[in-house]
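Right, one structure below, let's go through it.
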Amino acid sequence: MPRGQKSKLNVRGAHRQARNYAQAFEDAKETVEPTEESSSESGDTLEVPERQSVSTMNINVFSILDGRSIDLGDAESHFRNYHTINNQDLLARKALVLVQILLKNYKIKQLTTMEDMMQVIDKEEINDFPEMLRKAAERLADVFAVELREVESSRRVYDLISKLKLPNNGRVRAGQGFPKTGFLMTVLGIIFMSGNCAREEDIWRTLRYMGVYSGKKHQIYGEPRKLITQNFVKLKYLEYRQVANSNPPQYEFLWGPKAYAETNKMTILKFVAKVNDIPPSYFPDLYEEALKDDQGKNQSNRNVSSAFCPKARAFTFVMCPGLACFPAQVQRKKI
């Protein structure tokens, strides 16, 4: 082929790719809810650490997402033969890669650009990008309780926003880190499903199924005991008190005033149910209570902190298919 013709073809190809990227961006704008431009946390100059996949951490978060881990650095080799992979499986895998990119940037307090995400999207997959982004946003909401938002439309950049008003946009502590919102909502769910008051030993027994142990530092949550008994308590999302007349002393958790102010039982029940891939109505008694609370018909529950907490129950925790676990006595049926 003459050099002139080849050059023209290359130019046309570049223009076509640019149009495809632009179309992907426009489609993505419909997928992600835009918000006002924000300069908070984005003005700091941060040195990007050595490239590392979030999925290499010794945690089970991504097994909740889709049951397998993908190293961000090996993304290209994973998807080189995408024609041989089922399309839905491909969308799920690429969505997981987008989750990793968004979480990595969130951790270092760096916004995610369209260019960041397009680095792992092949040109043949551009039309599927909005669906990949939608799936990624859904999984981030389901596990971490953060919302994917376009924060600066002119620069095509995105951020993860905590669904509760925890300090440092869900990180709780100052500096860099992963979101703790989903963890807090999990604890609130355990308390609600335990009769609005949960003994401390029952909290830790449940969290062990998530690979979270009292006194053992977690890759995402840090030292969980301090997070639950100090940080969340100080922020008034949880109330932590000694069980009356207990000897040796025992402790129990209840919802704090900020939990009641920023969320409700139906939201928490839906969060727990979503992780387990079941409808909230799977637990009819809890669902009815959550409906009343959501409609403002059960205001007495907001004063539970001053009421007598039920005597500790003999809990048997049952693993559900979606990896989370529930007290056996609130199960609608055996799993």
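Looking only at residues in the stretch 225-243 that are touching a residue at least 40 places away in the same chain (Cβ under 8 Å) and either assigned to a helix (DSSP H, G or I) or open to solvent by less than 10 Å² (accessible area, probe 1.4 Å) (or both), the one that is nearest to residue 263 (Cα to Cα) is 237. Of the residues making up the stretch 142-171, those that are open to solvent by 40 Å² or more (accessible area, probe 1.4 Å) and assigned to a loop (DSSP other than H, G, I, E, B) are 153, 154, 155, 156, 163, 165.
Only one entry of 182, 195, 189 meets the criterion of being in contact (Cβ under 8 Å) with a residue 12 or more places away in the chain, over 14 Å from the mean Cα position of the chain (by Cα) and open to solvent by less than 10 Å² (accessible area, probe 1.4 Å), and that entry is 189.
Among (1) open to solvent by 10 Å² or more (accessible area, probe 1.4 Å); (2) under 25 Å from residue 270 (Cα atoms), there is one condition residue 119 misses while meeting the rest; what is its number? Every listed condition holds for residue 119 apart from (2). Taking the criterion of being within 21 Å of the chain's Cα centre (by Cα) and among the β-branched types (Val, Ile, Thr), the residues of the stretch 105-133 that qualify are 108, 112, 113. Within the stretch 279-288, which residues are crowded, with 17+ Cβ neighbours inside 10 Å and free of Cβ contacts under 8 Å to residues at least 60 places away in the same chain? Once the filter is applied, which keeps residues that are crowded, with 17+ Cβ neighbours inside 10 Å and free of Cβ contacts under 8 Å to residues at least 60 places away in the same chain, the stretch 279-288 yields 280, 282, 287. The single residue among 175, 215 that is under 25 Å from residue 116 (Cα atoms), open to solvent by 20 Å² or more (accessible area, probe 1.4 Å), not in a strand (DSSP E or B) and not polar (S, T, N, Q) turns out to be 175.
The values are calculated or read from the model by the stated rules, or taken from the named source; none is laboratory data. Note that the structure is predicted; figures quoted are calculated from it, not measured. Quick reminder, even Gly has a Cβ in these numbers, built from the backbone with ideal geometry, and neighbours come from all protein chains shown. Quick note on the areas: whole protein, heavy atoms, side chains included, nothing else; ligands and nucleic acids left out. Shrake-Rupley method; radii C 1.70, N 1.55, O 1.52, S 1.80 Å.
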